[in-house]
Amino acid sequence: MDRIRITGGRKLNGSIPISGAKNATLPLMIASLLTDQVLVLENVPRLADVNLLQRILGNHGVDITVNGKRVGETQYDGQTLHINAGNIIDTTAPYELVSRMRASFWVIAPLVARMGQARVSMPGGCAIGTRPVDLLLMALSSLGAEIEIDRGYVIARAPDGLKGGTIAFPKVTVSGTHVAVMAASLARGSTVIENAAREPEIGDVADCLNKMGAKISGAGTSRIVIEGVPKLTGARHRVVPDRIETGTYAMAVAMTGGDVVLENARPELLQAAFDVLAHVGVEVTPTNAGVRVARNGSGIAPVEVTTSPFPGFPTDLQAQLMALMTRAKGTSRITETIFENRFMHVQELVRLGAHIALDGECATIEGVETLTGAPVMATDLRASVSLVIAALAAEGETMVHRVYHLDRGFERLEDKLSACGAAIERVSG
Ligand code: EPZ
């Protein structure tokens, strides 16, 4: 199993190209099931999750071709996928595939909306929380789908098609909103989604669906209105930049010191995180190329942060911020409100010499002068990159194990960091 070896203590200087967003790419690829015409997605990141989703869609009969390299393209340019769901031969998503990536459960929405039926394995447990799908099923039944649970599979039926309705989410859910928007796009009549998620990835999917002929308004706000249409067409769409990758590299520069331009980054997609970094003592400057992040000389100030749905501080940057706070000058408190078990990185950071106390959903971090390299274990995608950030500033060598977690969501992480001066390399086997 691959590991990553890091020798800490070097500042980061240079530029890092930000890839397309994993959490927009996955629902966009799934949305291709809504039409029998070709959907072309540009700026698609090369990630394990994207490759796995290609297999899952292929299992339904979807053809996907990837453009070869074009003149002037670098290895950092995203890939272009041509997705043709013209011939869906199977509306079952098997346990073997769904259990490997939760988001694949979302295929239930376009399949029942377009094909009138879907049989999808329940996603099962997850390292960061129980993550039920009750609100996704509530959304589909609000649009008239009959829902049955049978031996670990959800069977959704709508033989006469879905009907518009009102979906009022009791709590903000990104997956619930994606499922509701996709399904309602082909439902007869209009649908209103109340308390919808406002994450930028929701807006990106709605933009793409509107290019495919959907009638969606209000995406990005908590009230979305959809006028269903009988059929959707093909389209060409460029995936939005990855705000979590952007925030991760910004935290890394804050941790080590240095000066880096995050190319393609869009500050408005993660203002809450940039506000926290400015408070910490980091210079964050929008530029034509993206966002410049610099910390030279000034110390790291402690913060009090609570994760919340967009536009609040993203839970997907919580672990990275905690790594940064291990070296703050004082006491920080981070409260995690989205997932009930998202502190798996704490004991690994403590192995590097951090002082962190947990009390329910709240972590108290006493900043230390130095961290010291040690072998550590990745447990989930964002926890694993927080260990990389801590190791970049730790004295000596750190070996991060189980880096397959990283490959799910970070494209060319070692290349991007070593291009800015980090001593980081992948050790295979
Ligand atoms: C999406 O997960 C992201 N995943 C997550 O990123 C992200 O952490 C999360 O949104 C919050 O921003 C993708 O986009 C692929 P939710 P999702 O539905 O949609 C509860 C990463 O690291 N809930 O907004 O699954 C749920 O348990 C990943 O890239 C129900 O109770 O998150 C959680 O506590 C990790 N019932 C809360 O709502 C439901 O039916 C928010 O979940 C659905 C959700």
Of the residues in region 385-399 that are part of a helix (DSSP H, G or I) and open to solvent by less than 10 Å² (accessible area, probe 1.4 Å), the one that is nearest to MET251 (Cα to Cα) is ILE389
Does ARG157 satisfy the criteria of being basic (Lys, Arg) and on the phi > 0 side of the Ramachandran plot?
-> no
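So which residues in region 244-264 are open to solvent by 10 Å² or more (accessible area, probe 1.4 Å), among the acidic types (Asp, Glu) and either assigned to a helix (DSSP H, G or I) or under 15 Å from MET322 (Cβ atoms) (or both), if there are any at all?
In the first step, residues of region 244-264 are kept if they are open to solvent by 10 Å² or more (accessible area, probe 1.4 Å); the result is 256, 259, 261, 263-264.
Then keep just the ones that are among the acidic types (Asp, Glu); that gives 259, 263.
Result: no residue meets the conditions.
How many residues are farther than 18 Å from GLU42 by Cβ and outside any strand (DSSP E or B) when one looks only at region 222-242? Walk me through it before giving the result.
Our first condition is that a residue be farther than 18 Å from GLU42 by Cβ; within region 222-242, this holds for 222-232.
When the remaining residues are screened for being outside any strand (DSSP E or B), the result is 222, 228-232.
Matching residues across region 222-242 total 6.
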Within region 13-22, residues surrounded by 24 or more Cβ atoms within 10 Å (Cβ to Cβ) and either among the charged types (D, E, K, R) or outside any loop (DSSP other than H, G, I, E, B) (or both) come out as ILE16, GLY20, LYS22
Selection from region 130-147 of residues free of Cβ contacts under 8 Å to residues at least 24 places away in the same chain and near the ligand (Cβ under 8 Å from one of its atoms) yields PRO132, ASP134, LEU137
When region 165-183 is checked residue by residue, the ones that are surrounded by fewer than 18 Cβ atoms within 10 Å (Cβ to Cβ) and not hydrophobic (A, V, I, L, M, F, W, C) are THR166, PRO170, LYS171
Requiring at least 1 residues that are touching a residue at least 40 places away in the same chain (Cβ under 8 Å) and farther than 29 Å from ALA196 by Cα, the strands (runs of 3 or more DSSP E) wholly within region 265-383 are 290-295, 362-366
Residues of region 400-420 being open to solvent by less than 30 Å² (accessible area, probe 1.4 Å), outside any helix (DSSP H, G or I) and either at pLDDT 95 or above or more than 16 Å from the ligand (Cβ to nearest atom) (or both), in sequence order, are VAL400, GLY409, PHE410, GLU411, CYS420
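Among the residues of region 44-83 satisfying the criterion of being of a type in the set (Val, Ile, Thr) and assigned to a loop (DSSP other than H, G, I, E, B), which is nearest to ARG238 (Cα to Cα)? Break it down stepwise before answering.
Filtering region 44-83 for residues of a type in the set (Val, Ile, Thr) gives 44, 50, 56, 62, 64-66, 71, 74, 80, 83.
Now narrow it down to the ones that are assigned to a loop (DSSP other than H, G, I, E, B): 62, 71, 74.
Working: VAL62: 20, VAL71: 18, THR74: 17 Å.
Residue satisfying both the conditions and the ranking: THR74.
Name the single residue that is nearest to LYS215 (Cα to Cα) among those in region 23-50 being within 15 Å of the ligand (Cβ to nearest atom) and open to solvent by 40 Å² or more (accessible area, probe 1.4 Å).
Of all residues in region 23-50, those within 15 Å of the ligand (Cβ to nearest atom) come to 23-31, 44-45, 47-50.
Of the ones still in play, those that are also open to solvent by 40 Å² or more (accessible area, probe 1.4 Å) are 23, 48.
Details: ASN23: 22, ALA48: 32 Å.
So, considering only residues that are within 15 Å of the ligand (Cβ to nearest atom) and open to solvent by 40 Å² or more (accessible area, probe 1.4 Å), the one nearest to LYS215 (Cα to Cα) is ASN23.
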Determine whether ILE193 is within 16 Å of the ligand (Cβ to nearest atom), surrounded by fewer than 18 Cβ atoms within 10 Å (Cβ to Cβ) and part of a strand (DSSP E or B). no
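Identify, please: which residue in region 350-359 is open to solvent by 20 Å² or more (accessible area, probe 1.4 Å) and in contact with a strand residue (DSSP E or B) (Cβ under 9 Å, 6 or more places away or on another chain) and is, among those, nearest to the ligand (Cβ to nearest atom)?
First, pick out the residues of region 350-359 that are open to solvent by 20 Å² or more (accessible area, probe 1.4 Å): 350-351, 353, 355-359.
Checking the rest, the ones that are also in contact with a strand residue (DSSP E or B) (Cβ under 9 Å, 6 or more places away or on another chain) come to 350-351, 353, 355-358.
Working: VAL350: 22, ARG351: 22, GLY353: 26, HIS355: 26, ILE356: 20, ALA357: 23, LEU358: 18 Å.
Of everything passing the filter in region 350-359, LEU358 is nearest to the ligand (Cβ to nearest atom).
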Apart from one, (1) without any contact (Cβ under 8 Å) to a residue 40 or more places away in the chain; (2) open to solvent by less than 10 Å² (accessible area, probe 1.4 Å) all hold for GLY218; the odd one out is (2)
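Being open to solvent by less than 20 Å² (accessible area, probe 1.4 Å) and more than 16 Å from the ligand (Cβ to nearest atom) is true for just one of VAL71, VAL62, VAL66. Which residue is that?
Details: VAL71 fails: open to solvent by less than 20 Å² (accessible area, probe 1.4 Å); VAL66 fails: open to solvent by less than 20 Å² (accessible area, probe 1.4 Å).
Among VAL71, VAL62, VAL66, only VAL62 is open to solvent by less than 20 Å² (accessible area, probe 1.4 Å) and more than 16 Å from the ligand (Cβ to nearest atom).
The values are calculated or read from the model by the stated rules, or taken from the named source; none is laboratory data. The model shown is predicted, which means the values in this text are computed figures rather than measured ones. Virtual Cβ from ideal backbone geometry, glycine too; neighbours counted across all protein chains shown. Accessible surface is based on the protein model in full, side chains and every heavy atom, while ligands, DNA and RNA are left aside. Shrake-Rupley method; radii C 1.70, N 1.55, O 1.52, S 1.80 Å.
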